[in-house]
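Note sheet for the following structure.
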Amino acid sequence: MKHLFDNKTKILVGKIDEYLDMVAKAGIIFYEGVRAYMAHDTEAFTENYTTITSLESKADILRRAIKKDLYTYMLIPEARGDVLGLIETLDDIVNICEKVLKQFSIERPEIRDYMTHDFIELARYSKKSVEKVVIGAGGYFKKLSEVADCIGKVYEYEHLADGVEERLKRKLFSNEDDLHLSYKLHIRYFIEKIVLVSDVAETVADRLGVYAIKRQI
């Protein structure tokens, strides 16, 4: 395995660790926000939305700082493109988590009681996929042997999220209540946005797997 780091990269790796913490926090806040919305806890939901909005802005600033350091100081030359690609795709996770809560805040969808459990479960699997991809990304820099297991877990949680998505949609569109199609389409939009978090985590995992293989050559 190639030795990726020297003393000059310690500060950069510290920034990357901080960034990974932000991505993990975004997944947790996203989940807590969805759960608060389903519980009609407006105060808790608003707090989570405000927190993730601030976190997204800070993550963008840190991401740009990492990018600048990579190229200004010519750090990690043999893997610079891979590191940047990993950071950029992880940023998609933070952005989507923030956007989903923003749309809940703006559109205020009415989620029927028979759907709330599935919504929470869907958000939980998405959060877990984020947690595992972040651990895997950290392993890329510190413990490469952890990466494959984490990627496998991301795929597992993404698959579970897809299952909940299908179950929830079937409940929504086969329900005998007199629900307008416009309502069903509105709720479907939110189902698909929540599951998108796990889909993006899977995309990051795909790229991470390639980068990890390259490090071992």
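The values are calculated or read from the model by the stated rules, or taken from the named source; none is laboratory data. These figures come from a predicted structure and were not determined experimentally. Glycine gets a Cβ as well: all are built from the backbone with ideal geometry, and neighbour counts include every protein chain shown.
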(request) Any residue in the stretch 98-114 that's surrounded by 13 or more Cβ atoms within 10 Å (Cβ to Cβ): show its pairings with residues that are among the charged types (D, E, K, R) at Cβ separation under 8 Å, as long as the two are six or more apart or on different chains. (result) Glu98/Glu56; Lys99/Lys193; Val100/Lys193; Gln103/Lys193; Arg112/Asp177
(message) Of everything in the stretch 88-126, what is of a type outside the set (A, V, I, L, M) and closer than 21 Å to Arg63 by Cα? Give them in sequence order.
(response) Glu88, Thr89, Asp91, Asp92, Asn95, Cys97, Glu98, Lys99
(request) Tell me which residues, restricted to the stretch 174-183, are surrounded by 13 or more Cβ atoms within 10 Å (Cβ to Cβ) and at pLDDT below 90. (result) Asn175, Leu179
(request) Report, by residue number, each residue of the stretch 148-165 that is farther than 21 Å from Ala212 by Cα, touching a helix residue (DSSP H, G or I) at 6+ places or on another chain (Cβ under 8 Å) and either touching a residue at least 40 places away in the same chain (Cβ under 8 Å) or surrounded by fewer than 15 Cβ atoms within 10 Å (Cβ to Cβ) (or both). (result) Val164, Glu165
(request) May I ask you to verify whether Thr203 is out of contact with any strand residue (DSSP E or B) (no Cβ under 8 Å at 6 or more places or on another chain) and either closer than 16 Å to Asp92 by Cβ or not in a helix (DSSP H, G or I) (or both)? (result) yes
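Is it the case that some residue within the stretch 61-83 is part of a helix (DSSP H, G or I), under 14 Å from the mean Cα position of the chain (by Cα) and not aromatic (Phe, Trp, Tyr)?
Initially, the stretch 61-83 is screened for residues part of a helix (DSSP H, G or I), giving 61-72, 80-83.
Then drop every residue that is not under 14 Å from the mean Cα position of the chain (by Cα), which leaves none.
No, the stretch 61-83 contains no residue that is part of a helix (DSSP H, G or I), under 14 Å from the mean Cα position of the chain (by Cα) and not aromatic (Phe, Trp, Tyr).
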(request) Test Val130 against the criterion of being at pLDDT below 95 and either assigned to a helix (DSSP H, G or I) or surrounded by fewer than 20 Cβ atoms within 10 Å (Cβ to Cβ) (or both), and give yes or no. (result) no
(request) Return the residue satisfying two criteria in turn: it lies in the stretch 31-54 and is of a type in the set (D, E, K, R) and assigned to a helix (DSSP H, G or I), and of such residues it is surrounded by the fewest Cβ atoms within 10 Å (Cβ to Cβ). (result) Glu43
(message) Out of everything in the stretch 135-146 that is under 17 Å from the mean Cα position of the chain (by Cα) and more than 14 Å from Val13 (Cα to Cα), what residue ends up being surrounded by the fewest Cβ atoms within 10 Å (Cβ to Cβ)?
(response) Ile135
